[in-house]
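Below: the structure, in structure tokens.
The values are calculated or read from the model by the stated rules, or taken from the named source; none is laboratory data. Everything numeric here is computed off the predicted structure, so don't read it as measured data. Note that each Cβ is placed from the backbone with ideal geometry, even for glycine, and that neighbours are counted across all protein chains shown.
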């Protein structure tokens, strides 16, 4: 999550499998640190260079083959550059209240509390449970 004053940069994804609003992000490349991957992915998807991303939580879930996925949630308000859209989708700055009025990407509404509640830091979604810790 990239914050600017009281606004958040959101991505309206073009992906027909996972459409809707979410935060910029992506995958970790081989031999890449999580820290470096979040900086790289944000640059690729937004044109911004972020600094000092802070890890605020994790999500774990299982795909249709029961392969475990782990997602790391980061926040920063330190960046340079101009917003530039990529083929991932359109970008816009919104308040939290505006964000909640739009169609969110599947299950993204369950991830948002981790970004906004310092008491939470994990989302477990395993087919049997959907819990925040």
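I'm checking my understanding of the structure. Among residues of segment 119-130 that are out of contact with any helix residue (DSSP H, G or I) (no Cβ under 7 Å at 6 or more places or on another chain) and either touching a residue at least 60 places away in the same chain (Cβ under 8 Å) or not in a loop (DSSP other than H, G, I, E, B) (or both), which one is surrounded by the fewest Cβ atoms within 10 Å (Cβ to Cβ)? Spell out how you get there, then give the answer.
Applying the first criterion (out of contact with any helix residue (DSSP H, G or I) (no Cβ under 7 Å at 6 or more places or on another chain)) to segment 119-130 yields 119, 122, 124-129.
Now narrow it down to the ones that are either touching a residue at least 60 places away in the same chain (Cβ under 8 Å) or not in a loop (DSSP other than H, G, I, E, B) (or both): 122, 124-127.
On the way: 122: 13, 124: 14, 125: 18, 126: 12, 127: 8.
Looking at the filtered set, the residue picked out is 127.
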Counting only residues that are at pLDDT below 95 and surrounded by 12 or more Cβ atoms within 10 Å (Cβ to Cβ), segment 60-88 contains a total of 5
How many residues are in contact with a helix residue (DSSP H, G or I) (Cβ under 7 Å, 6 or more places away or on another chain) and in a strand (DSSP E or B) when one looks only at segment 38-95? 11
For segment 89-113, which positions are under 20 Å from residue 17 (Cβ atoms) and either surrounded by 15 or more Cβ atoms within 10 Å (Cβ to Cβ) or touching a strand residue (DSSP E or B) at 6+ places or on another chain (Cβ under 9 Å) (or both)? 89, 90, 91, 102, 103, 104, 105, 106, 107, 108, 110, 111
The condition of being in contact (Cβ under 8 Å) with a residue 12 or more places away in the chain, part of a loop (DSSP other than H, G, I, E, B) and more than 25 Å from residue 97 (Cα to Cα) holds, among 31, 27, only for 27
Residue 8: passes all of (1) free of Cβ contacts under 8 Å to residues at least 12 places away in the same chain; (2) touching a helix residue (DSSP H, G or I) at 6+ places or on another chain (Cβ under 8 Å) but (1)
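Go through 133, 51, 116 for me and flag whichever is loosely packed, with under 14 Cβ neighbours inside 10 Å, under 15 Å from residue 1 (Cβ atoms), touching a strand residue (DSSP E or B) at 6+ places or on another chain (Cβ under 6 Å) and without any contact (Cβ under 8 Å) to a residue 60 or more places away in the chain.
Within the list 133, 51, 116, the selection yields 51.
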